[in-house]
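Engineer: Below is the structure I would like to discuss, written out as structure tokens.
The values are calculated or read from the model by the stated rules, or taken from the named source; none is laboratory data. Note that the coordinates shown come from a computational prediction; the quantities given were computed from them, not determined experimentally. Protein only, heavy atoms only, side chains kept; ligands, DNA and RNA dropped before computing areas. Shrake-Rupley method; radii C 1.70, N 1.55, O 1.52, S 1.80 Å.
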Amino acid sequence: MSLTSSVEQEARTRTKARTAIATPDLLRLASFVVALSLVALAAVSDGVVIAHRRSVDAILQQSSTLVVDAQELYVALAAADAAASTGLLRPGAETPELRASYHDNLETAGARLVAIAAGQDVSSSTAVSVETVNTELQRYAGLVEQARANNLQGFPVGTAYLRDASDLMQQTILPAADAVYSDAAHDLDQHYRDGTGRSRQTALLIVAGIALVLLVAAQILVAQRSRRLLNPGLLTATFLVIVLAGASIVLLESQHRSLASSRTDGSEPLIYASASRILL
């Protein structure tokens, strides 16, 4: 055997030895990267599900209820003021029906205030508006009672008390109630935007795509180093990622369509009807 052949054979032997030593480390690194990508995919999928559920729960349990309560609060306050003004300004004594209507609407407004204040995650601006309505409504009721007492005694000053009460209602209480309604409608719209946005599906697709690329790269690496064209474990992992990512996207898309339909057929008519009642 020539000296050149011996050198070449020794070089090939060393190369094989280095490859044999490097391959396990390289496969461990590939396994770690693939596992990390799968953990990231699971975390993103879990985060998407939780965020979507939060949006749905906020719509069903908070925002929709708050819109209805705020609308009823405004309507009850306006109806109470109308009943008080009509009953005390019309000729003759105040009728029992108008007085009962005034008290019923005042009780309704108080109940709606309590329901709104007891709601979860009420914004600071809504809390301030509710406090304004609650405080000023007590002043309003006192002015109305003073107007009623003076009217019963035939004192013309009762009209002045009633005018002050009506000004308080129109300039302070009703604008605060309208602010509560506006905040509720804005929150409802924002929750629908969050629930029907495409950013979550996009993030899930990107992470799933990265995981698939890494799995394919690992499969190619294993095939080159082990001379095995297919690895059952990697094939199973790839199949599971494709199935789970596809199922997640289909489910999210279905929920997206359901929320969009709920917004079109439920939320928007509710907002229009509420706004029409307030304007009326």
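Engineer: Heads up, I need the accessible area for THR86: 1.4 angstrom probe, whole protein in place, Å², nearest 10.
Structural biologist: Counting only protein heavy atoms, THR86 exposes about 60 Å² to solvent.
Engineer: Right, something else. For LEU36, what accessible area in Å² do you get when you roll a 1.4 Å probe over the heavy atoms of the protein chains, rounding to the nearest 10?
Structural biologist: Roll a 1.4 Å probe over it and LEU36 shows about 100 Å².
Engineer: So what's the stretch 82-126 giving for Rg/Rh, alpha carbon basis, Kirkwood Rh from the mean inverse pair distance? Could the numbers behind the result be given before it?
Structural biologist: Details: Rg = 15.4 Å, Rh = 12.4 Å.
Radius of gyration relative to Kirkwood radius: 1.25.
Engineer: On the full set of protein chains, 1.4 Å probe, figure out the accessible area of GLU97 and give it in Å² to the nearest 10.
Structural biologist: Solvent-accessible area, nearest 10 Å²: 130 Å².
Engineer: Once all Cα-Cα distances of the stretch 93-158 are split into 10 Å bins that start at 0, what whole-number percent is in each one?
Structural biologist: 18, 39, 26, 14, 3
Engineer: Then there's this: Output the Cα-based Rg and Dmax of the stretch 70-198 in Å, rounding Rg to one decimal and Dmax to a whole number.
Structural biologist: Cα-based Rg and Dmax for the stretch 70-198 come out at 17.2, 67 Å.
Engineer: From the protein chains alone at 1.4 Å, what is the descending order of accessible area for LEU77, LEU234, LEU205, LEU212, largest first?
Structural biologist: On the way: LEU77 0, LEU234 30, LEU205 105, LEU212 50 Å².
Sorted descending by solvent-accessible area, the residues read LEU205, LEU212, LEU234, LEU77.
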